[in-house]
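Bear in mind these aren't lab numbers, they're just calculated from the coordinates by the rules spelled out. As the structure is a prediction and not an experimental result, all values here were calculated from the model. Neighbour counts run over all protein chains shown; Cβ positions are idealised from the backbone, glycine included.
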Amino acid sequence: MEGGLVFIGNLDLTTRKVLRWLVERKPLKDIVEWATAFSLWPVHLMTSCCGVELGAAYAPRFDLERYGSLPFVSPRQTNLIVIEGTLTRKMARVARITWEQMADPKFVIAMGACAIDGGLFWNSYNVVRASEVMPVDIYIPGCPPRPEALARAILLLQQRIRKRGLSRHDLEMIESTIKRIDSSK
Amino acid sequence: MIQEILLLKELLGNNEMIYRTVIGLGYMLIYPGLIMIVIAAALLLWAERKIVALVQLRYGPLWISRRIGGALQGFADLIRFSFQEVIIPRRSDVIPFLLSPGLAILFSVLPIAFMPVSPYIKPPIHSDIGLLAAIAVISVAPIFIVLMGWASDNKFAFVGSLREALLIVSYEIPFIISILSMGVMFGSLDFYEIVERQSLLPGMLLNPFAFLASFIAMLRVTSRFPFEISEAETEIVAGPYTEYSGLMFGLSMGLAYIKLYVYALMVSLVFLGGWLPIVSGEGVIGGFLIPSLIVILKLTVVSLVAVFLRAVYGRYRIDQAIRIGWIHVFALSIVSLVWSIILVYGGWVRWA
Amino acid sequence: MGVEVDFEKISEEISTSIENLAPEKKRFYKVTTPSLGPSVVRNIEAITTGLKYVIKPMRITIDYPRQVLEQPPWYRGMFRLLENVCIGCSLCDIICPSDAIRMVLNPEKKKRPVINWGRCIFCYYCVDICPVEAFDTTTIHDMAFDKYEDMLTNLEEFTKDPREKDPSKGAMRMRIKFDEKRGFVYEPTGKKNGGG
Amino acid sequence: MEVDSKSISTQALEELSKELIQQRDLGITEEGERLIELQIGPTHPGSGHMRIRVWVDGDIIVRCDPDIGFVFRTIEKLSENRIYMKTIPLVERPSLLDTTPMTIGYINALEKLMGIEPPPRAKYLRTILAELTRIASHLYGIGIFAIFLGHSTGFMWGFGDRELFVELANQLSGARITYAYVIPGGVRRDMPQSFPDNVEKALRYFEKRLPDWYKMFLNNPVVEKRLREVGILRKNDAAKLGITGPNLRASGIEYDVRVADPYEAYDELDFMVPVADEGDAYARALVRFEEIKQSINIIRDALRKMPGGDIIHPQIARMFNPLMKKIYEESRRVKFPGVFASLKPPKGEATARVEAGRGEALFYLVSDGSPRPYRFRWTTPSYRNAILFKYLVPGHRLADLPAIYGSIDYFPPEADR
């Protein structure tokens, strides 16, 4: 109330500051992180054959919906993208576009040997690594990984969100993007 | 503190206007209005996933709160959506895009203003044509769903909103006819009289055709299986909601459940006898809380049956659904109307 | 555009070849769609089937992080190198289909394999071709990594027992038992996972 | 429907679809400006690993053009630079659902080149695993089919019951779906002692659940209404388009590689092959269910007739060192002799074909005497069935596209390789 002026300065900046202040407060921050951790909805993007095991992971025997994770329809409403195996050049473009279409905060799991390091197709001219296309949070080895491994990845991601916070995740994502742009130059 | 409350009570007791405003606002915003609806929608979201999981040999949401079977899941999803980024597509029609989910919810919640849940506290607008008014208001909501699809500038959303428009016409009409046939039978459009007159037999036994027709129509209007055609995910992604994200999608997702709450409330008042067997009561607890909980219980049963059908059915094709709507459900609603007229003019039912 | 093909001829050829190729006609039988009842009855049947499962749930879910499946001992999980057994013959490097195994020199200037878990497909070709059984296998199969670097092993790490880093350590081990009524049921073995 | 055109090309196909549309009396005669192009792309719950471009007039699809190649991983090219053993996991990957028939096909071609034949017990073990994966693959197909129709219980039941057979295969081979169980000259390990008992229990359980499956899925009025008279593939057209597998048999053609050209132990086993006449989506689903029943018969019969003896060709067993021999005799696990790292089949070429879950797969292998194949050509069933999109979909409603897609059980990675 200094100077008796409240409505002063850049409105946009002020709103952002207020929002930031609000979101960074302890209880609200915790609640948001808790809600995000238990609501990791993977987008429906089948990049390759590991999708079979993704299906099995959400099927009755392993039922990843227990952790609050529900495969959902379109990129706009989801916050997790699971790269299920090989990314071919044609699919990598789609994966990148899908990732960009998703609303923040968003997370990436690279599932299977092919997504991590090419796997069986390590010397194929048509295969790219997931980390070349988008910042990856969790890696699951195996070809294909068992559904338990996917469950473990989701649990690990939940831990990560609740321990390290969302703003840290955003920061890391920006840094890795800058790093990738720099390295491509 | 106590003094202040007493003072308030005195003040309210003396001033009819303020009393009614406070009660009305509480009715609309807290219970059984908006906040109750949001809680019910979140719980219904969870209950749907749990019931479906039972049929599908699995647990459903669990880990979020193991002791109560993961009942917080719906809240977590809603909170997550509320704090996610809202993306506004560049080519969308911004104002309708932003306004229509809220307006759709507004028009879905408004009918609560006409619908009583207890004999003691009356709804904000107590009218003797409450049934008609409630139907009229809630029929406006689908227009905003159509608007959502239109404003998104997405082909799938466009197709979805077209489907919604087509289907709404073919199912709203049977719903209205079958509900009004109950009005014909009870000789009244006032919810209080309708509930009173079911003290001997509930409406669903007096006119089973109307109950069946309106239940099937309710399934479609609230977009439940097997009529979940406008959001058919494997065909047109999420239909009208395809481009919505963050809070806006949270609203749109809640919309179907809010509508289900309101329609189920209407069905339980008209067909299941509302707060009966309690006829009348005094005081807040006996006259409002217990009867309203009975209504909520009946409403919950109706909506649980509606969400259970997800586990049994796939979805119809749009032409099949329209054919069913115009041939079977419409015919059923006409039969229910004729049945009501026969009962009334044949002298089978007689109201004082 | 397109290649012109004489389709009538090919169609004839196909049909005659089918006749010739299938001498045992009796091996085929016609599936006729069963005459389905009226739709009202079938609707009720479907709903009652659903209700049956609501009333008497037949869950087959394993409560994963608390319980883990006990795999057969030949299950292909993570493994480690027994460095003193290895003779450095490089056969595992040669046969690895995904080039995950690489030979490095140990301090004594002898060739030893190291593995990149990020690329391994768990086919166990290396384990099976090893002439001296220099790999110690486990059934650990639920690893997930935070960082890419964690998946690259050096010789020291490859000889460490993966059981020590078992992510589901302390979970209850469950044995699968096939059952006529429930498909499979999980029986607790009474053992905790990992450690001992 | 009789098609007069003597030649078939892309143009002719388009004409065919136009003709179909006219025949179905939908009142669309020409493509105008009213068409909307929809890209049912890879990020779509109803697409899988491919993009389906459809042009719709109102709700009716006028043209459909599948855009494949999203999972093209250059397998044929890669295998030319790898030793023969390394190609075994490679042929598993594209059709991850039924891996064993594919490896059997490749190994059969390789064994023909090498001039060896596996011992009978190995043949029976291969057959059992192949049939287990066939059931698992069909259940996967039915599950995906169900979720395309919005029937989520069908999806969950399909995947849930599939786990039964996946688990059995896990007990046999030590991996969930990528078994790499078949090796030149035999199999990698013998079945465990409890295996026949477990199989019998699992099969009995599944047979007990089949009535529920029928009530919930096939007889369900909503499902039936969605599938009847949808995507009709006539006998003539099925032969002309070169369709294989259950899709072909659902159109009334009696052809199955297991009968026509028996491999492994199929000529000694009792089984029947279902054929349906209607050729619509419902018939295709029905044939799949019947095939599951027949596969159950095959597994039972194979376990009953299972011969004893070796599981690896003696010529390979002779190359074992003493440790390997000891392991083989004690735990019936086949260790690879060092020669597997450099298999050199003599010059020549060989073909083999198998009936995989989705149809006939053809393997063609050319050896120039070096440790790497000179050429490896592989035709997968999905590759052949891909044309059905272009042919079956036009003239139907948009909502029928997932129904048709699900009913032909098309798995894009298998087609792209």
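Overview of results
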| read-out | value |
| --- | --- |
| Cut-off 20 Å, label 7 Å out along Cα→Cβ of C:Val132, residues of the stretch D:303-337 by amide N | D:320-328, D:335-337 |
| Fewest-first sequence of C:Thr153, D:Thr127, D:Thr380 by Cβ atoms within 10 Å of each Cβ | C:Thr153, D:Thr127, D:Thr380 |
| Antiparallel bridges, percent of DSSP beta bridges restricted to the protein assembly as shown (to nearest 5) | 75 |
| For the stretch D:239-396: rounded, prolate or oblate by the Cα gyration tensor [a/c cutoff 1.5] | oblate |
| Karplus 3J(HN,Hα) series, Hz, for the stretch B:283-290 with 6.51 cos²θ - 1.76 cosθ + 1.60 (x for Gly, Pro) | x, 5, 6, x, x, 10, 5, 5 |
| Amide H partners (placed H, <5 Å) of D:Arg63, local residues excluded | D:Trp55 |
| For B:59-72, mean number of other protein chain Cβ atoms within 10 Å | 5 |
| Separation of the D:Asp212 and C:Glu164 label points, Cα + 7 Å toward Cβ, nm | 4.6 |
| Peptide-level mean, for B:42-51, of C-beta atoms on other protein chains within 10 Å | 1 |
| Candidate lysines - alpha carbon under 22 Å from B:Lys259, same-chain residues fewer than 8 apart omitted | B:Lys50, B:Lys122, B:Lys298 |
| For the stretch B:42-52, 3J(HN,Hα) per residue [Karplus equation, 6.51 cos²θ - 1.76 cosθ + 1.60, θ = phi - 60°, Hz, x = Gly/Pro] | 5, 5, 5, 4, 5, 4, 4, 5, 5, 5, 4 |
| Shielding score for D:327-333, defined as the mean number of other chain Cβ atoms within 10 Å | 1 |
| Selection of trypsin sites (Lys or Arg not before Pro), the stretch B:78-120, meeting DSSP coil and at most 11 other Cβ within 10 Å | B:Arg90, B:Arg91 |
| Two-site label geometry, B:Ile341 and D:Ser370: point separation in nm, points 7 Å out along Cα→Cβ | 9.0 |
| All lysines inside 20 Å of C:Lys110 as judged from Cα atoms, apart from same-chain residues fewer than 8 positions distant | C:Lys160 |
| In range of the label at B:Ile143: residues from the stretch B:163-190 whose backbone nitrogen is under 20 Å from the point 7 Å along Cα→Cβ | B:163-177 |
| Modelled FRET efficiency - R0 60 Å, D:Thr351 with B:Leu201, Cβ distances, 0.05 increments | 0.20 |
| Partner lysines for D:Lys325 [C-alpha distance under 19 Å; skip if fewer than 8 residues away on the same chain] | D:Lys335 |
| C:Leu105 paired with D:Glu76, simple spin-label distance in nm, labels 7 Å along Cα-to-beta-carbon | 4.4 |
| Mean residue ellipticity (222 nm) of chain D, computed from DSSP H runs ≥ 4 via -39,500 (n - 2.57), nearest 500 | -14500 deg cm²/dmol |
| Shape of the stretch A:38-184, Cα gyration tensor, a/c cut at 1.5 | oblate |
| Ascending count of other beta-carbon atoms within 10 Å, so fewest first, for B:Met17, C:Met103 | B:Met17, C:Met103 |
| Ranked by how many other beta carbons lie within 10 Å on average, peptides D:363-373, B:252-262 from highest | B:252-262, D:363-373 |
| Protection proxy ranking, peptides B:92-103, D:104-115, D:226-237, B:202-213, average beta carbon neighbours within 10 Å, highest first | D:104-115, B:202-213, D:226-237, B:92-103 |
| Considering only the stretch A:38-184, percent of DSSP beta bridges that pair antiparallel, nearest 5 | 15 |
| Per-residue [θ]222 nm for chain B (sum of -39500 (n - 2.57) over DSSP H runs n ≥ 4, rounded to 500) | -20500 deg cm²/dmol |
| Built amide H within the under 5 Å cut-off of D:Ser251, gap 5+ | D:Ala276 |
| Per-pair calculated FRET efficiency, R0 = 45 Å: A:Gln159 and D:Ile327 via Cβ, rounded to 0.05 | 0.65 |
| For D:Thr244, D:Thr74, order by how many other beta-carbon atoms lie within 10 Å, fewest first | D:Thr74, D:Thr244 |
| Amide proton proximity set for C:Gln67, modelled H, under 5 Å, gap of 5+ | C:Met172 |
| Cα gyration tensor category, rounded, prolate or oblate, for chain B with a/c compared to 1.5 | oblate |
